[in-house]
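Let me begin by presenting the structure, written as C-alpha cells, before commenting on it.
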Amino acid sequence: MRVIGLMSGTSYDAVDAAAADLALRGDRLELTPLGMVSAAYPAEVRAALAAALPPAKTTMQQVCMLDTRIGQAFASLAVRADRELCDGRTDLVSSHGQTVWHWAEDGQVHGTLQLGEAAWIAEATGRPVVSGLRTRDVAAGGQGAPLVSLVDVMWLRGRPGTPVALNLGGIANITVAAGDRDPVAFDTGPANALVDAAVHHFTGGRLAYDEDGALAARGSIRPGLLRRLLDEPYYAAPPPKTTGKELFHLPYLLGALTECGDGPLPPQDVVATVTELTARTVADAARAVGATEVIASGGGTRNPTLMARLRTALGGVPLRTSDELGLPSAAKEAYAFAVLGFLTANGLAGTVPACTGARHAGVLGSITPGSGGLRLPEPAAERPVRLVLSPGPDAAR
C-alpha cells in the first residue's frame with residue numbers, strides 16, 4: 001500500500017508530507033521511503049495560528065477558520081506529494097493535523113484537539129484519509145502522546161543495549177526500547193519551543209527560530225535562569241506524561257526571567273540558556289532510563305549548537321541521527337504517521353499501552369472516504385512487531 005503521511009508539529013512552521021510503500025510480511029512491516037516534500041504555511045495562516053495558540057484567547061470563528069485553512073494547506077501538499085512522490089498512485093493519506101490544544105491536568109490527559117479537517121484532503125486527492133489519530137488513545141485513558149512510540153519500538157527492536165529514539169520538535173519526546181523490558185515513552189519537556197519563543201520575542205518577530213544555533217553560540221548560559229527553569233515540576237513527574245505549548249510558551253519564559261534574579265539579560269544569553277535547558281532535560285531523561293545510545297530526529301537536529309550541547313550533556317552516551325539508520329530525520333514523524341494510518345486501514349492497533357498509559361492498545365483514528373467510496377483491505381491476521389526499512393529514493397539521498 002502506498003501511503004502519504006502528513007505532519008505539522010508544535011513549531012507550526014510548515015507541513016511535511018512523506019510517502020512510503022508499506023507491506024506486511026508476517027510479523028514484519030516493510031517500509032520503502034519514497035521521499036518527502038514540505039511547504040510553509042501561508043503567512044496569514046501561521047499568523048492566525050500563532051495568535052490563537054495558548055496562552056492567547058480565541059473564538060469559535062477563529063477555530064473554524066483555522067480548521068478550514070489548515071485542512072486546505074494539508075490538502076494542497078497531499079496533492080503535490082501524490083504527484084511528485086507517488087506518480088498519482090497513492091492508496092491512502094494519513095494526516096496528523098495541527099495540534100492546538102492538549103488538555104492535560106494533574107498528569108491525566110482529558111482531551112486533545114488537532115485542526116485540519118480531513119474532508120479537504122479527501123476532496124482534493126480523491127483518496128481515503130485517516131485522521132484524528134490521537135483521540136482514541138486518550139479515550140482509552142492514554143496520554144495521546146508520544147504517538148510515534150509504536151513505530152519507534154518496532155524500528156529499534158533488536159538493537160543492542162537500551163536504544164532511545166529522540167524527537168526534537170517544539171517539544172522533545174523519547175521512546176525507550178530495551179530488550180525484554182516494557183518500552184517507555186514520554187515528553188521530556190521543551191525542545192525548540194522556548195528557543196523559538198525567545199528568538200521571536202527578542203527580534204521583534206523578525207526571526208522565527210535560531211538558525212544554525214547562531215544566537216545560542218554567541219551567548220552565555222546564565223545559571224540563575226537555568227536553575228529557575230529546571231525547577232519546573234513537570235521534569236520530576238513520572239512517565240507516562242505529556243506536555244506542550246500549553247505550558248512552555250513565551251509568558252512562561254518571561255515569568256522565569258522576572259523571577260530568576262539575574263536582572264535584564266542579553267537576548268543571546270537567554271537563547272543560550274534555554275538551549276542548554278533542552279539539552280540538560282533530554283540528557284537527564286535519557287540517563288534515567290539507562291540509554292546506551294540516543295537516535296535523534298526532528299527540526300532540532302539541524303541546530304548544531306543544540307546538538308553539541310546535547311552531546312556534552314549525554315557524556316559518553318553516543319548521539320546519532322536517524323539518518324544514520326536509514327530514516328531521514330526531517331521526515332521521520334511524517335513517515336511514522338504514514339505507518340499509523342496504514343495500521344488503521346488494516347484493522348491493526350497503533351499504540352503501545354506501556355508507552356502512552358492507555359488501558360489497552362487501540363485501532364486509531366477516523367476514516368474519511370475518497371472519491372471512489374471506501375474499500376479497505378481485509379483486517380490483517382497478525383500485528384507486526386518489527387519495522388524494516390528497504391532502500392528507496394529517499395533513503396538514497
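The values are calculated or read from the model by the stated rules, or taken from the named source; none is laboratory data. The shown structure was predicted, so the numbers you read here are calculated from the model rather than taken from an experiment. Positions of Cβ are backbone-derived with ideal geometry, glycine not excepted, and every protein chain shown enters the neighbour counts. Ligands, DNA and RNA are excluded from the accessible area calculation, which covers all protein heavy atoms including side chains. Shrake-Rupley method; radii C 1.70, N 1.55, O 1.52, S 1.80 Å.
When you check GLY9 against the structure, is it open to solvent by 20 Å² or more (accessible area, probe 1.4 Å) and more than 21 Å from VAL129 (Cβ to Cβ), yes or no? It is false that GLY9 is open to solvent by 20 Å² or more (accessible area, probe 1.4 Å) and more than 21 Å from VAL129 (Cβ to Cβ).
So is ASP21 open to solvent by 10 Å² or more (accessible area, probe 1.4 Å) and part of a helix (DSSP H, G or I) or not?
no
Scan the range 204-231 residue by residue and report those that are assigned to a loop (DSSP other than H, G, I, E, B) and open to solvent by less than 30 Å² (accessible area, probe 1.4 Å).
If we filter the range 204-231 for residues that are assigned to a loop (DSSP other than H, G, I, E, B), which is where we start, we get 204-210, 219-222, 231.
Those that are assigned to a loop (DSSP other than H, G, I, E, B) and open to solvent by less than 30 Å² (accessible area, probe 1.4 Å): ASP210, GLY219.
Taking the listed residues ALA291, ALA296, ALA285, ALA256, the one that is open to solvent by less than 50 Å² (accessible area, probe 1.4 Å), among the small types (Gly, Ala, Ser), over 21 Å from THR203 (Cβ atoms) and part of a helix (DSSP H, G or I) is ALA285, with no other qualifying. Which one of these does PRO42 not meet: (1) open to solvent by 50 Å² or more (accessible area, probe 1.4 Å); (2) modelled with pLDDT of 90 or more; (3) under 16 Å from TRP101 (Cβ atoms); (4) not basic (Lys, Arg)? Every listed condition holds for PRO42 apart from (3).
Screening the candidates GLY97, GLY142 for the property of being in contact with a helix residue (DSSP H, G or I) (Cβ under 6 Å, 6 or more places away or on another chain) and open to solvent by less than 10 Å² (accessible area, probe 1.4 Å) yields one hit, GLY142. Would you pick out the residues in the range 145-166 that are among the hydroxyl-bearing types (Ser, Thr, Tyr) and either closer than 20 Å to THR99 by Cα or buried (at least 24 other Cβ atoms within 10 Å of the Cβ) (or both)? SER149 - this is the single residue of the range 145-166 that is among the hydroxyl-bearing types (Ser, Thr, Tyr) and either closer than 20 Å to THR99 by Cα or buried (at least 24 other Cβ atoms within 10 Å of the Cβ) (or both).
Is it true that some residue in the range 75-98 is of a type outside the set (S, T, N, Q) and modelled with pLDDT under 95?
Scanning the range 75-98 turns up no residue that is of a type outside the set (S, T, N, Q) and modelled with pLDDT under 95.
Among the conditions (1) over 23 Å from ALA50 (Cα atoms); (2) in contact with a strand residue (DSSP E or B) (Cβ under 6 Å, 6 or more places away or on another chain), GLY142 misses just one, which is (2). Just so you know, in the range 146-175 the residues that are closer than 16 Å to GLY350 by Cα and β-branched (Val, Ile, Thr) include one that is farthest from the chain's Cα centre (by Cα), and it is VAL153. The single condition among (1) surrounded by 23 or more Cβ atoms within 10 Å (Cβ to Cβ); (2) in contact (Cβ under 8 Å) with a residue 60 or more places away in the chain that LEU310 does not meet is (2).
Taken together, the residues in the range 317-332 that are open to solvent by less than 20 Å² (accessible area, probe 1.4 Å), within 16 Å of ARG159 (Cβ to Cβ) and polar (S, T, N, Q) amount to 1. Just one of the numbered conditions (1) touching a Phe, Trp or Tyr at 6+ places or on another chain (Cβ under 9 Å); (2) part of a loop (DSSP other than H, G, I, E, B) is not true of ASP262: (1). Of all the criteria given as (1) without any contact (Cβ under 8 Å) to a residue 40 or more places away in the chain; (2) surrounded by 22 or more Cβ atoms within 10 Å (Cβ to Cβ); (3) small (Gly, Ala, Ser), the one not satisfied by ALA193 is (1).
When every residue of the range 339-346 is checked against the conditions, none turns out to be open to solvent by less than 20 Å² (accessible area, probe 1.4 Å), farther than 24 Å from GLY35 by Cα and at pLDDT 95 or above. The set of residues in the range 208-245 being of a type in the set (S, T, N, Q) and under 20 Å from ARG309 (Cα atoms) consists of SER220 alone.
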